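For reference, the structure is listed below as structure tokens.
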Amino acid sequence: MNPILKVSLGIAKTKTFRGLVVLFLLYKSIFNAFTADLVIPKLISQFTMGRMEGNFRTFSLFFGIEISDFRLYPGTPFEKEPIAEAGQIRLRYNLPLLLLGKIRISEIGLTNAKIQIEERLGQWNFAALVKASEKPQEPEPVKEETPPLTAINTYLPLQASAYIHLDSVGFQLKGDSGPLHLFSIQDLSLETELETNRFTSIPLDLSIVDQIDHVLLSLNASKPIPLEVDSKDLRWKQTIPMSLRFEWDRTVSPEMFLFNTDIGKDDILLEVKGKPVQLGLRLLSDIHYDNQLDKIGINQLDLRVLGQSWLSLSGSILDLSKETPKVNILVEKSEIQLTSLQKSLDQLQGIVPEMKLSGNLSLEGTGIQGNLQNAQTNVKLKSSQLYVKMGKSKAHSIPSALVDISSELNLAERKTLTAEKPFPYVKSLKIAPSHLDYNGASLTFLGNYLESEGLNFQVNIDRLQLGDYVSGLGGKLQMDLGVLGESFASLSIHSNAKIDGFRYQLDRSRSPSSLLGLSLDSILSFDRPFGLSEIKISNLKLDQKTMTGNKALELDLRGEVRPGSNLSANLQPLGLNIYTSNLLLVLPLVLKEKISPFQNLLGNQPKLKLNARYSGSGSNKQIKADLGAELPGLEIKDLKLATELSLHGADTNEIFIKTLKMNAFGGIFQVSANGKLIKTGKPKPPLGPYFGNLDLNFNLKSPTKQYLAKGLSFHGDMGLDLKVRDYDITGDFHSKVPAISYNNQKCPGEQCQAYLLEEVVAQIPIQHNLARSHEESLIVGDKSVFIKNYGRNHPPNLTIGQVLGTHPSIPNLPFEYVKKQKDTPGLSAFIEYKENYANIESLRSNSLDGLVLGKNMVFNLGNLDPKSMEFRGNFLIRDIDLKQLMAPKVRDKIDDGKLKADLNIAVRDLSEPVANLDLFFSIFQIGRDFGKSALNVISPQNFLIDRITDSYSINKIDVSLSKGLVYADVYFNRSLLSLLINLEDGKISQQRMPLANFLKRAQSEIQTYQE
């Protein structure tokens, strides 16, 4: 016997061989086409509601399956129409190759296939495939949080390959209850190949691309596809090209790359809400890699809209396999015609949001050329008559635009970004003369940047309406701006700007139009990329004029600012010139009302000059300032203010006033303050949010008579020293003044008014409580109270030697208001300010050759609100001679001018003193002539009054004023003539006479004495 045959028979007789034969026969009896035809349809019917038809050509566990004439039917009520059918289905793979470390899917194929998804009465046919679960649904267990997976480990080295082939595949979706009735796409074809290198893990990021050796994706390469859509608002049935081929092969040297597309159509015909609409959108591309030339050629990359090439690129990438590939890509054609697009959008009115588009736009000439170390780029943008408006929003009109920017880049640069070079990859940048016209404004710009030389850019803006961009501002801006620098670490800024018709709004008040000018020269310094470290302002000038060209305001500023955590600012100096009358013409009403009352104080051209320094570190801030001012309205030419403050705390919890000094008039007027303002957290702080610990001093001091301002001259020492401690203000007012004089600067002359106070001596204590709010009135309401008890007198702490001046009603006539009595001052009083009210006692004034005494006088300042202020006082007038008020030629005609009277005054709410004044004036001695005048004031002059005056002599006159009305009673003494004329109760009364009428009669009666 043949030895080989003998060995073979020996092997065949072994148990192992017989076991393998049995296993093989069992495998073949299960995994074959006949068994699959019997078993697979039954299994599908067993586990689903559907049924399957088909012929298995191949059914192998190790090599895959193949089915022809495949159909899958869902359950009722869709059992008559298959949900899926195919002429042939192939799934081919090779499991034995796993032993060699290879995963191979030879083919996933689908030929002449159709998938149909259908909905009837809210039920879908794919849902009819699944049997309802009888088991209750268990809640899903809570998954523990795990770190995200970054890769899948295979542990064994593997290599994968796959091939997918779909041919003549259709998909159809039908529905009868939703807005979409039909969606159909037919004749889809797809070819895909994939091959990898060997791997032991599959990364779950973009690095997975490194494991691909060859990839192919081809979609609808041979023919266009029929597409149909039928919905509530849209109907579309058309054959559309939709081809794409992408291939990348790294298994050859050099690599092969190909990318072609033809997607879309120039004329897409739709029917939207019954309206025919013509659109067009198409992407054409032809990109391939040439092995011989080692380049990617972009033969075509064209985006087309409505048949127009919006963006058409061409070019190449050379030396792709080298370290420095060369790029040459250019936009050859670009015609973006928005007017044509608007015609299509008009057909969609009511469907798409309202918009208006017109004009042309082009990017032709834009491109890049070179390699990573030296890339030349160009950006070119042109537009004409461009108009864009979305709905009711603001319209954007660009009649003309041209932008031309070129640059040289080193994209391989890996240097760290610095302040000098925040763009280290930019070697140069050039902006050719470019312009942009936008909504009536014009913008032109040009410039260049060279890494070795620096930068120089120029910008011009003209006819820019500020109101279109900044709320509350108006006017037309014209500006020139220049930026220079050897590097980006230090930029020199030069700007000149003008605003014609400048307006601004404050609250609801809008300013009149004015002319505003601004010039600026500054240097911006950077210590890191775009990290601003310092701003130096070498010159900043701002001027405002009226529309007629008259100056209203001038501002001149120099200084520097260092931003950051340690912020500091330095102004040296800030100059401000104000032309008050012109400034009021350009201010909004709300500011004009606040500044107008100070116009006379400021004068026509006040000037301010400020040197200041601010520094802050964390929650601590330091402020130091020196202010000089000229106030022509007060004739101040040398006002100086110096202060140094420290602010502490994140919320400025403490303000430490190291020094605050102010002086003027050659040092005669001085103010100083020092101390602290602290937030303690206590309720109702008196000084805003602060409690004070301050020392204040106000002083006028001149060893000789010196002219101050507005006709006022001063000689002596007068001051106010105060200490503020929480709620309490204590101190004193002192005076040792030989003379204070004033004239209205119209002397000599008919309108001259001049006054002189001599020997003003005072030492008045002050105590004020800032915590006091409204208290009960200190005024006694009974108007009949007269001074009857003189009590104990305090020694006077206020004395005035004498007061001289011009006559109150007769021009050029001297008059003694207060007359000195030998060695005794003409006026003396005791004043004590305590608990927020001034108590004035022992007032004694020698006037008109008589005596005026004051008692029980109280001036209540309350919380310093005029509404809460009040005054009460009692005055005794003894033997004053009213003849001195008359002209010398009239005095001799008056028989007796002596007057004796008592006067009570009470007034509340000093915000309206006349309306709240209560007055009681009792005259118990008056001469006949003045008595008759008093009667004429109280009662109109007539025959009867003249007879009464002749028959009776006046005994007493009582006059009271309450709520603006005058009440008067004139009491008469009996005489022989009075037997002919009888008066009831011996008096004449006048009730409820308006104060204005009373004063008018009094003025008329006084006038009779001057004639």
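How about segment 660-763: which GluC sites (Glu not before Pro) there lie in a loop by DSSP and see at most 16 other Cβ atoms within 10 Å?
GLU750
Count the lysine pairs in segment 290-412 whose Cα atoms lie under 14 Å apart, taking only pairs 8 or more positions apart in sequence or on different chains.
8
What is the sum of charges around GLU119, taking Lys and Arg as +1, Asp and Glu as -1, for the other residues whose C-beta is under 13 Å from the C-beta of GLU119?
-1
Suppose the chain between LYS658 and LEU601 were pulled fully straight at 0.36 nm per residue; how much longer would it get relative to their current alpha carbon spacing?
17.6 nm
Any idea what angle helix 3-12 forms with the longest principal axis of the chain, computed on alpha-carbon atoms, 0 to 90 degrees, nearest 10?
50 degrees
By per-residue mean of other Cβ atoms within 10 Å, what is the highest-first order of 108-119, 497-508?
Put in order of decreasing packing, that is 108-119, 497-508.
Work through the residues other than ASP69 whose Cβ is under 9 Å from its Cβ and net out their charges, Lys, Arg +1 and Asp, Glu -1.
-1
Assuming R0 = 35 Å, can you tell me the calculated FRET efficiency for the pair LEU484 and LEU293, based on Cβ-Cβ distance, to the nearest 0.05?
Rounded to the nearest 0.05, the efficiency is 0.15.
Is the shape of segment 546-699 rounded, prolate or oblate, going by the alpha carbon gyration tensor and its root eigenvalues a ≥ b ≥ c, with a/c under 1.5 for rounded and a/b larger than b/c for prolate?
Verdict is prolate for segment 546-699.
Give the aspartates and glutamates reachable from LYS834 as a straight Cα distance under 19 Å; neighbours fewer than 8 places away on the same chain don't count.
Result set, ordered by chain and number: ASP695, ASP721, ASP726, ASP728, ASP732, GLU775, GLU776, ASP865, GLU870.
With a Förster radius of 45 Å, plug the Cβ-Cβ distance of SER492 and LYS834 into 1/(1 + (r/R0)^6) and report the FRET value to the nearest 0.05.
Efficiency at R0 = 45 Å is approximately 0.10.
Taking the chain as the reference, fit the longest principal axis to its C-alpha atoms, fit the long axis of helix 33-47 to the helix C-alpha atoms, and give the angle between the two in degrees, 0 to 90, nearest 10.
The two axes meet at around 30 degrees.
So for each of 741-747, 855-861 I average, over its residues, the number of other beta carbons within 10 Å; can you give me the resulting order with the highest mean first?
855-861, 741-747
Here is the link list: LYS624/LYS867; LYS427/LYS476; LYS541/LYS661; LYS541/LYS676; LYS661/LYS710. Which ones come out longer than 32 Å on Cα distance?
LYS624/LYS867; LYS427/LYS476; LYS541/LYS676
Quick check: net charge around LYS607, other residues with Cβ under 10 Å of its Cβ, Lys/Arg +1 and Asp/Glu -1?
So the surrounding residues net to 0.
Give me the number: length gained by fully extending SER646 to ALA771, i.e. 0.36 nm times residue separation minus the C-alpha to C-alpha distance, one decimal in nm.
The span from SER646 to ALA771 would gain 42.4 nm if fully extended.
For Rg/Rh (Cα atoms, Kirkwood Rh), the listed values are [x] 1.24; [y] 1.15; [z] 1.03; which was obtained by calculation from the structure presented?
Checking each listed value against the structure points to [x].
Using R₀ = 51 Å, calculate the FRET efficiency as 1/(1 + (r/R₀)^6) where r is the Cβ-Cβ separation of GLU228 and LEU532; round to 0.05.
Plugging the Cβ-Cβ distance into 1/(1 + (r/R0)^6) gives 0.25.
As I understand it, the value is the acute angle between the Cα axis of helix 15-30 and the longest principal axis of the Cα atoms of the chain; what does it come to in degrees, rounded to 10?
The angle comes out at about 70 degrees.
Taking a virtual spin label 7 Å from the Cα of ARG71 along the C-beta vector, which residues in segment 101-133 bring their backbone nitrogen under 19 Å of it?
Inside the label zone: 111-118, 125-126, 128-129.
Do the sum for the chain: with -39,500 (n - 2.57) for every DSSP H run of n ≥ 4, divided by all residues, what is the mean residue ellipticity at 222 nm, to the nearest 500 deg cm²/dmol?
One gets -3000 deg cm²/dmol as the mean residue ellipticity at 222 nm.
Return the long-range amide H neighbours of ASP909 (sequence gap of 5 or more, or a different chain), with a cut-off of under 5 Å between placed amide H atoms.
So ASP909 has HN proximity to MET869.
For the pairs LYS736/LYS820; LYS640/LYS723; LYS932/LYS963, flag any whose C-alpha to C-alpha distance is greater than 21 Å.
Over 21 Å apart, Cα to Cα: LYS640/LYS723; LYS932/LYS963.
Select from segment 520-593 those chymotrypsin sites (Phe, Trp or Tyr not before Pro) which occupy a DSSP coil region and have at most 15 other Cβ atoms within 10 Å, ordered by residue number.
PHE530
Distance from a point 7 Å along Cα→Cβ of VAL671 to each backbone N in segment 699-730: keep the residues under 14 Å and list them by number.
Those under the cut-off are 699-700, 720-722.
Determine the equivalent ellipsoid of segment 290-412 by diagonalising the alpha-carbon gyration tensor, then write out the semi-axes as square roots of 5 times the eigenvalues, largest first, rounded to whole Å.
37, 17, 11
Find how much the distance from ILE212 to GLU912 grows on full extension, using 0.36 nm per residue of separation minus their present alpha carbon separation; answer in nm with one decimal.
Stretched out fully, the ILE212 to GLU912 stretch lengthens by 242.5 nm.
Read the figures in this text as sums done on the coordinates, not as results from a lab. Every value quoted in this text rests on a predicted model; they were computed, and no experiment measured them. FYI the Cβ positions are ideal-geometry reconstructions off the backbone, even for glycines, and counts take in every protein chain you see.
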